[in-house]
Amino acid sequence: DIITAEPAELIGTGTASNNDYIHTSIEAIHSIDPGILVLIGAGIKSGKDVYNVIYEGADGSGSSSAVALAKDPEGLVNEMLSAAREAWDERMSKK
């Protein structure tokens, strides 16, 4: 099971959630059930944004408008996938 946490006011803006929102959302969801996976979205526009939310503790990230509007959607998706893998590996190596 996974839940998406994204502030409505950031959807489609290209401005990603800050680390306080990421941590607070994950803590709130895990206080109910630590087995629920957390996807942080809204305003995700680059691999850097994906890297940050994964590194900060999210299990996933998502983007729709940035990919749909990208000049090279496939390239952006590949950038985001690479960033997710890199962030996950770095987060797991510090445990």
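The values are calculated or read from the model by the stated rules, or taken from the named source; none is laboratory data. It should be emphasised that the depicted structure is a prediction, and the values quoted were computed from it without experimental measurement. Note: ideal-geometry Cβ built from the backbone for every residue, glycine included; neighbour counts use all protein chains shown. Accessible surface areas use protein heavy atoms only, side chains included; no ligands, DNA or RNA. Shrake-Rupley method; radii C 1.70, N 1.55, O 1.52, S 1.80 Å.
Please pick out the residue among 84, 66 that is out of contact with any strand residue (DSSP E or B) (no Cβ under 9 Å at 6 or more places or on another chain) and surrounded by 13 or more Cβ atoms within 10 Å (Cβ to Cβ).
66
I'd like the residue in the stretch 49-62 that is touching a helix residue (DSSP H, G or I) at 6+ places or on another chain (Cβ under 7 Å) and open to solvent by less than 40 Å² (accessible area, probe 1.4 Å) and, out of all such residues, is farthest from residue 38 (Cα to Cα).
Quick first cut of the stretch 49-62, residues touching a helix residue (DSSP H, G or I) at 6+ places or on another chain (Cβ under 7 Å) only: 50-51, 53-58, 61.
Filter once more, keeping what is open to solvent by less than 40 Å² (accessible area, probe 1.4 Å): 50, 53-54, 57-58, 61.
Numbers: 50: 13, 53: 10, 54: 10, 57: 9, 58: 5, 61: 8 Å.
Ranking the qualifying residues of the stretch 49-62, first place goes to 50.
Quick check, is residue 33 out of contact with any helix residue (DSSP H, G or I) (no Cβ under 7 Å at 6 or more places or on another chain) and open to solvent by less than 50 Å² (accessible area, probe 1.4 Å)?
Details: out of contact with any helix residue (DSSP H, G or I) (no Cβ under 7 Å at 6 or more places or on another chain): yes; open to solvent by less than 50 Å² (accessible area, probe 1.4 Å): no.
Here the answer is no, as residue 33 does not meet what is asked.
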| task | For residue 42, work out the one condition from (1) aliphatic (A, V, I, L, M); (2) open to solvent by less than 30 Å² (accessible area, probe 1.4 Å); (3) at pLDDT 95 or above it doesn't fulfil. | result | (3)
